[in-house]
1. Using the structure shown, decide if S47 is crowded, with 21+ Cβ neighbours inside 10 Å and within 14 Å of the ligand (Cβ to nearest atom).
2. Hey, can you tell me all the residues within region 1-39 that are assigned to a loop (DSSP other than H, G, I, E, B), modelled with pLDDT of 95 or more and surrounded by fewer than 18 Cβ atoms within 10 Å (Cβ to Cβ)?
3. Can you work out which of the residues in region 231-253 that are assigned to a helix (DSSP H, G or I) and within 21 Å of T24 (Cβ to Cβ) is modelled with the lowest pLDDT?
4. Looking only at region 144-155, which residues are surrounded by 12 or more Cβ atoms within 10 Å (Cβ to Cβ), over 20 Å from the mean Cα position of the chain (by Cα) and part of a helix (DSSP H, G or I)?
5. I need the full set of residues from region 201-230 which are within 13 Å of the ligand (Cβ to nearest atom), at pLDDT below 95 and either part of a helix (DSSP H, G or I) or touching a helix residue (DSSP H, G or I) at 6+ places or on another chain (Cβ under 6 Å) (or both), in order please.
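The values are calculated or read from the model by the stated rules, or taken from the named source; none is laboratory data. What you see is a predicted model; the values in this text were computed from it and never measured. Here the Cβ is made from the backbone with ideal geometry for all residues, glycine too, and neighbour counts use every protein chain on show.
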Amino acid sequence: MSKTFKPGEMLDIMFPSSHDLTPTNIECTSLKIRNLLAAGNTLLLVSKPHLSVISRLCEECAAYRALILFRFTIGSDDDGVLQYWEPNAPLFAERLASLELACKRYRTSISIEPALDLPNVERLIEKLEPHVTDTLWIGLMNRARNNVHPKTKRDVDELAKVLANQTPEQVTILYEKLKAHPKIQWKDSIREIVGLPACGKGTKEWARRSNKNCVLGCSHNCRYCYARQIIFNRTHRTDDWTTEKLLWDKAKKA
Ligand code: SF4
């Protein structure tokens, strides 16, 4: 295995991009990951991490360690915030434990996108940064008014809070505080506000390809999920989004 990558470098494949790695699908997704690695691809493994899932992948992929960068999505250190926006995803302590485990043997990075609690991002970074070998990406909640569908007063209030926290003024203040941080990278949603050139759209900031998904649906059921919205726009059905359908024929291929 001669292929390796440098910190911050774009990888071959981001996996997954429209579901997550969960205890329900790990048999299927682990097979897919190992097939992609055996074919020589470098992988950006993206997840709101479950400790059992990351522990298993760390063991099963050990021979391909040099080809993997983990990127854990942690948008807040506040469990109340996480539980509201990402109702079935792990809470902060489990995500942090997954990061601590992975960084012992693998390269690690963080996606704070969407930043669910922008005023407390510095506190979040302080907790995560010691376990990050690569980069921490910060981005806003994109297309929130299209992807989030408030039904109750609390829904309206929570969305309003996120939007109020990601105004150009608030974003610029955060950027000025953190722009010299050597590990922080800014997603295009922030780069546009502070006048930096765009670095790509969606996964193109991180990987050359992202179409290797082998699960349809996602049990995490995040309220801002763009993948669910894409399915809804195509089929006008979201009723079975949280039931993960395993696409074994896709998992068996690299
Ligand atoms: S529900 Fe959507 S945003 Fe949340 S982890 Fe799953 S695919 Fe990602």
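1. Numbers: crowded, with 21+ Cβ neighbours inside 10 Å: yes; within 14 Å of the ligand (Cβ to nearest atom): yes.
In short, yes.
2. The answer is P23, A39.
3. To start, the set of residues in region 231-253 that are assigned to a helix (DSSP H, G or I) comprises 231-235, 248-251.
Checking the rest, the ones that are also within 21 Å of T24 (Cβ to Cβ) come to 231, 248-251.
Numbers: I231: 81, W248: 98, D249: 97, K250: 97, A251: 98.
Ranking the candidates gives I231 first.
4. Filtering region 144-155 for residues surrounded by 12 or more Cβ atoms within 10 Å (Cβ to Cβ) gives 144, 147-150, 155.
From what is left, the residues that are over 20 Å from the mean Cα position of the chain (by Cα) are 149-150, 155.
Selection gives D155 alone.
5. If the condition is that a residue be within 13 Å of the ligand (Cβ to nearest atom), at pLDDT below 95 and either part of a helix (DSSP H, G or I) or touching a helix residue (DSSP H, G or I) at 6+ places or on another chain (Cβ under 6 Å) (or both), then G202, T203, S210, Y226, A227, R228, Q229, I230 are the ones that fit.
Each row is one residue, and each column tells you yes or no for (1) loosely packed, with under 12 Cβ neighbours inside 10 Å; (2) free of Cβ contacts under 8 Å to residues at least 24 places away in the same chain; (3) not aromatic (F, W, Y).
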position	(1), (2), (3)
L174	no, no, yes
S189	no, no, yes
P197	yes, yes, yes
G200	no, yes, yes
Q229	no, no, yes
